[in-house]
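**Q** Please see the structure below; I have some questions.
The values are calculated or read from the model by the stated rules, or taken from the named source; none is laboratory data. Remember, predicted model here, so these are calculated numbers, not experimental data. Cβ coordinates were reconstructed from backbone atoms using ideal geometry, including for glycine residues, and neighbour counts include every protein chain displayed. These area figures cover heavy atoms from the full protein model, side chains too; ligands, DNA and RNA do not enter into them. Shrake-Rupley method; radii C 1.70, N 1.55, O 1.52, S 1.80 Å.
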Amino acid sequence: MKDVWPKAFGPNSKIEMCILLSLTLFWCISTWFNTTIRGPAGEGKDQSNLYFTSWICLWACFWTLESWCTTSGRASFERFVRSWPNRCPLWIVTFLLSLLDFLFALDLYRHWGDESGAAYNPYVYKLYGEVREAEWSFLFTVTGVTFVVSLAWALAEIFRESRTNVGSVKSDVENYVEGLTAHVLCGLWIILVCIVTMPGGAASLLGNLYFTTWSTLFSVISTLIWYHRDWRREINKVIREEEEKYEHTKMILRKREEKRMARLAEDEEEAKKKTSDVESTNVEEDDDDDDGILCENDPVDDDITISIGSDYDRPSSHTSSSPGRPRARIAPSDGTTPPPAESDAPASSRILALMLSYFCSPDENAKSNGDGD
């Protein structure tokens, strides 16, 4: 036994795998027959212990098989479901639950009146006898549409080309259609649960149809919540991208404005410098022009005064030698004013002397003008 047991139940043991597969398959079949309307733990049989223990045994076998696959490094159902991107895991769960719900509803609809069904239970027989055909049709329609649509979305994710679309990014149209599908299914399942699980409904008794109907509703709602979460995440991502673009654009505009202001400041400094240079040049030119003009407030050169006085008082060689006396004028015979005497002084000095003599004796000039008149 020391050698047989480790080989039979050791790591990656084929014997253990075969035993677990056999137990899981066995309890799948046993749970189906025990918990349906024809089984000993079906609807209206009041065998809750047998009902729940059958499902617990099935779950225990399946969980043990999953654990063996996980520890041995093999592909497990959980790893398979979680390996697909986007909302594919919940679409797979919704497909399985809706398919089970459809099968349980179909079995209940076909066998509730049989002898192995509710024929010997008047309450159950009367209850299912009063369920309308429209309710059964609505139940079959919703469950059938759900497992077909969920299978389509799951296959769309599974067979998506991953070599060219590494991130498994969906198009906007696909996202919109998926969201619309999830909203429609959620609304249909809420209405369906309110109808079939109420007293007198097709799933009003505790059994497979009751639990799978509620489980499918929770799965559809979870898919819708997941869609809204991803949708809000995409909106937040777009908002962050737009904010980053805005901040980047604002930074670029700020840098451009700073460069423009710096360039304007440089141009203003150059303009001020050019203006100051032009003003200094004009001032220098004005100073050069003022150097050659004798203003009335400027002092008179002493040399000019001395030359004027000397010219006025210089004695002539033809006249008397007394100093300071001007040369005599000879009046012409025709009574006109005699011309000034010639002298050896320069012409400018003589002109200045005549001007001074004119301005210094206004009375005489006036008199001479009167005599002339």
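**Q** So residue 144 passes all but one of these: (1) open to solvent by 40 Å² or more (accessible area, probe 1.4 Å); (2) closer than 17 Å to residue 97 by Cβ; (3) among the small types (Gly, Ala, Ser). Which condition number does it fail?
**A** The one condition residue 144 does not meet is (1).
**Q** On to the next question. For residues that are of a type in the set (D, E, K, R), surrounded by fewer than 16 Cβ atoms within 10 Å (Cβ to Cβ) and not in a helix (DSSP H, G or I), scanning just the stretch 44-92, find the one that is modelled with the highest pLDDT. Talk me through it step by step, then tell me what you get.
**A** Let us first name the residues in the stretch 44-92 that are of a type in the set (D, E, K, R), namely 45-46, 66, 74, 78-79, 82, 87.
Applying the additional criterion that residues be surrounded by fewer than 16 Cβ atoms within 10 Å (Cβ to Cβ) yields 46, 74, 78-79, 82.
After this cut, where a residue has to be not in a helix (DSSP H, G or I) as well, the list is 46, 74.
Details: 46: 86, 74: 79.
Among those that are of a type in the set (D, E, K, R), surrounded by fewer than 16 Cβ atoms within 10 Å (Cβ to Cβ) and not in a helix (DSSP H, G or I), it is 46.
**Q** Here are some residues: 197, 281. Which one is of a type in the set (S, T, N, Q) and in contact (Cβ under 8 Å) with a residue 12 or more places away in the chain?
**A** Working: 281 fails: in contact (Cβ under 8 Å) with a residue 12 or more places away in the chain.
The unique qualifying residue is 197.
**Q** While we're here: Kindly indicate whether residue 167 is small (Gly, Ala, Ser) and modelled with pLDDT of 90 or more.
**A** Values: small (Gly, Ala, Ser): yes; modelled with pLDDT of 90 or more: no.
For residue 167, the condition - small (Gly, Ala, Ser) and modelled with pLDDT of 90 or more - is not met.
**Q** Inside the stretch 223-259, can you point out the residues that are of a type in the set (Asp, Glu) and under 18 Å from residue 172 (Cβ atoms)? Before the answer, list the steps.
**A** Filtering the stretch 223-259 down to residues of a type in the set (Asp, Glu) leaves 230, 234, 241-244, 247, 257-258.
230, 234, 241, 242, listed by residue number.
**Q** For the stretch 201-216, give me the residue count where each residue is assigned to a helix (DSSP H, G or I) and open to solvent by 10 Å² or more (accessible area, probe 1.4 Å). Can you show your working first?
**A** Pass one, the stretch 201-216, residues assigned to a helix (DSSP H, G or I): 208-216.
Narrowing further to those that are open to solvent by 10 Å² or more (accessible area, probe 1.4 Å): 210-212, 214-215.
Going through the stretch 201-216 one residue at a time, the tally reaches 5.
**Q** Kindly check whether there is at least one residue in the stretch 225-236 that is open to solvent by less than 30 Å² (accessible area, probe 1.4 Å) and of a type in the set (S, T, N, Q).
**A** Checked against the condition, which is being open to solvent by less than 30 Å² (accessible area, probe 1.4 Å) and of a type in the set (S, T, N, Q), the stretch 225-236 yields no hits at all.
**Q** Restricting to the stretch 195-241, give me the number of residues that are touching an Asp or Glu at 6+ places or on another chain (Cβ under 7 Å) and closer than 21 Å to residue 86 by Cβ.
**A** Looking only at that region, the number is 2.
**Q** Continuing with the same structure: What helices (runs of 4 or more DSSP H) completely inside the stretch 93-200 contain at least 1 residues that are under 45 Å from the mean Cα position of the chain (by Cα)? Write out each step before concluding.
**A** Numbers: elements: 122-129, 133-158, 172-196.
Per the criteria, 133-158, 172-196.
**Q** Next question. Can you report the number of residues in the stretch 110-123 which are in contact (Cβ under 8 Å) with a residue 40 or more places away in the chain and of a type in the set (Ser, Thr, Tyr)? Don't jump to the end; show me each part of the working.
**A** Keep residues of the stretch 110-123 that are in contact (Cβ under 8 Å) with a residue 40 or more places away in the chain, which gives 111-112, 114, 116-118, 121, 123.
Imposing the further condition that a residue be of a type in the set (Ser, Thr, Tyr) reduces the set to 116, 123.
Qualifying residue count for the region: 2.
**Q** Which one of these is within 17 Å of residue 189 (Cβ to Cβ), charged (D, E, K, R) and surrounded by fewer than 20 Cβ atoms within 10 Å (Cβ to Cβ): 115, 135? Working first, answer last.
**A** Details: 115 fails: within 17 Å of residue 189 (Cβ to Cβ).
One residue alone meets the criteria, 135.
**Q** Sticking with this one: List the pairs whose first member sits in the stretch 210-227 and is touching a residue at least 60 places away in the same chain (Cβ under 8 Å) and farther than 13 Å from residue 150 by Cα, whose second member is open to solvent by 20 Å² or more (accessible area, probe 1.4 Å) and acidic (Asp, Glu), and whose Cβ atoms are under 8 Å apart, counting only residues at least 6 apart or on separate chains?
**A** If the second residue must be open to solvent by 20 Å² or more (accessible area, probe 1.4 Å) and acidic (Asp, Glu), no pairs are left.
**Q** Also, quick follow-up: Within the stretch 16-43, can you find the residues that are assigned to a helix (DSSP H, G or I) and over 30 Å from residue 72 (Cα atoms)? Show your work before the answer.
**A** Step one: filter the stretch 16-43 for residues assigned to a helix (DSSP H, G or I), giving 16-35.
Matches in the stretch 16-43: 33, 34, 35.
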